[in-house]
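Following this message is one structure expressed as structure tokens.
Any read-out appearing in this document is the output of simple, stated calculations on the displayed coordinates, not a laboratory observation. Bear in mind the structure is a predicted one, so any value in this text is a computation, not a measurement.
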Amino acid sequence: MHSNAGYRNAPFPREDRVSLALQDRIQIEKPYKILLRESIATEKMYIYVRGHKVEFRYFSCLIPFIAKINDGEILRVDALLNLLDASWSPNIGIYILSELHRCHGIRIVDAAA
């Protein structure tokens, strides 16, 4: 409920998956914040987006990634992906962003044509 700014009912997840390009610009949906809960004992990380829980394996690079999104600035996808592990394919970061978008956590400000 905290990730949904106190609203009890979370929005239904989007049924369509967005295909983000590296040149796209995104921003967090205001006034909402994306929350993290780490469970190092189970090697999991729980990301709460507008009342939805998304589960990932624990990777420390996701902490600054989510923190940067929570800053509220308009961010280019390629610059944001630079915060993730350098060995990861860009598709991994784009998948994470599409999950955040599906749960109404981020919006696309400018899509590449």
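Straight-line reach only, C-alpha to C-alpha below 18 angstrom: list the lysines that Lys30 could link to, leaving out same-chain residues fewer than 8 apart.
Cα-Cα hits under 18 Å: Lys68.
May I pose another question? Where a Cα-Cα gap under 19 Å defines reach, which aspartates and glutamates qualify for Lys44, not counting those fewer than 8 residues away within the same chain?
Of all the aspartates and glutamates, those that pass the test against Lys44 - Cα under 19 Å, at least 8 places apart if same chain - are Glu55, Asp85, Glu99.
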